[in-house]
Amino acid sequence: MTADPILIFENVIKRYGSLTALDGVSLTLGRGEVVCLIGPSGSGKSTLLRCANALEPLDGGRIVFNGNDVKSTESPVRLVRQRMGMVFQNFELFPHLTVLRNVTIGPTTVLKLSSEAAEERSQKLLAKVGLSDKATAHPSALSGGQQQRVAIARALAMEPALMLFDEPTSALDPETIGEVLSVMKTLADEGMTMLVVTHEMDFARRVANRVAVFDKGRVIEEGTPQQIFTAARVTRTREFLSHLGWHGESAGFHQ
């Protein structure tokens with residue numbers, strides 16, 4: 001059992017009609033851990049994150065966050081989402097708002113911070129992700145990598161206990177992937193608890209405490225990055241990594 005668990009998936013099942021997207025997934029994330037979810041597209045990784053944040057209801061099993069059941073049909077969901085930040089593939093920024101306003105809107109409307117306190121917090125976070133000079137810009141004026149860093153700052157502005165990342169670099173040009181992964185590595189180094197769906201194998205190898213391999217809605221293997229990437233026990237894991245062409249280096253990330 002993971003020490004000091006913050007997020008627990010117990011036999012989670014999710015169906016879409018006749019398709020079983022999650023077929024009895026059990027996984028535990030400890031406080032301060034970084035766990036990367038890897039595997040083929042359509043294997044259930046992103047669905048698991050959406051279930052964790054109560055964006056999708058479960059068809060079986062349960063999810064426990066900070067000791068409380070996560071259920072998308074009950075009012076505590078709002079409190080869960082306040083403490084569980086999520087960064088999506090496609091940024092999801094408000095195009096009509098400035099960068100600064102995108103970051104302050106959550107703390108002012110949900111946490112009821114004063115405008116002054118929210119702006120002070122947001123300015124610090126924009127500095128953290130290297131975008132202090134973009135506070136008055138609108139998202140359309142930013143590169144994809146910059147927009148994703150704004151999205152990370154926006155999630156952090158809610159001071160979450162846990163960050164979910166759903167393939168945060170999949171929509172980015174190759175030259176901007178590294179800047180986003182570097183911000184994520186900094187968060188990991190600072191002790192942020194993170195559950196990351198990613199196809200960036202080198203990031204998973206360098207940053208994760210554990211890696212869970214998905215295939216057809218199941219976790220088929222779980223272990224340390226060293227074990228998964230150098231001594232995978234399951235044939236399907238080895239096939240997946242070989243098919244991906246992973247050779248231990250990635251052009252997108254440099255420590």
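Some points to look at:
- Centre-to-centre, using Cα atoms only, the stretch 212-235 and the stretch 35-51 are separated by 13 Å.
- Compared with the direct C-alpha span, the chain from R206 to V110 gains 31.1 nm at full extension, assuming 0.36 nm per residue.
- With the helix formula -39500 (n - 2.57) applied to DSSP H stretches of n ≥ 4, the chain reaches a computed 222 nm mean residue ellipticity of -11000 deg cm²/dmol.
- The angle between the Cα long axis of helix 144-156 and the longest principal axis of the Cα atoms of the chain comes to about 90 degrees, rounded to the nearest 10.
- Taking every lysine pair in the chain that is 8 or more places apart or spans two chains, those with Cα atoms closer than 16 Å amount to 6.
- Label-point gap, in nm, between D23 and E10 - each point 7 angstrom along Cα→Cβ: 2.3 nm
- Gaussian network model of the chain, Cα within-10 Å springs - most flexible of T109, T176, T28: T109
- In range of the label at L244: residues from the stretch 17-59 whose backbone nitrogen is under 18 Å from the point 7 Å along Cα→Cβ: 34-49
- Loop-located GluC sites (Glu not before Pro) in the stretch 124-223 (DSSP state not H, G, I, E or B) with no more than 15 neighbouring Cβ atoms inside 10 Å: E190.
- Our estimate of slack between F94 and A127, defined as 0.36 nm per intervening residue step minus the Cα-Cα distance, is 9.9 nm.
Each reported figure results from applying straightforward, stated rules to the coordinates on display, with no laboratory input. All figures in this text were calculated on a predicted structure; none of them were measured in a lab. FYI the Cβ positions are ideal-geometry reconstructions off the backbone, even for glycines, and counts take in every protein chain you see.
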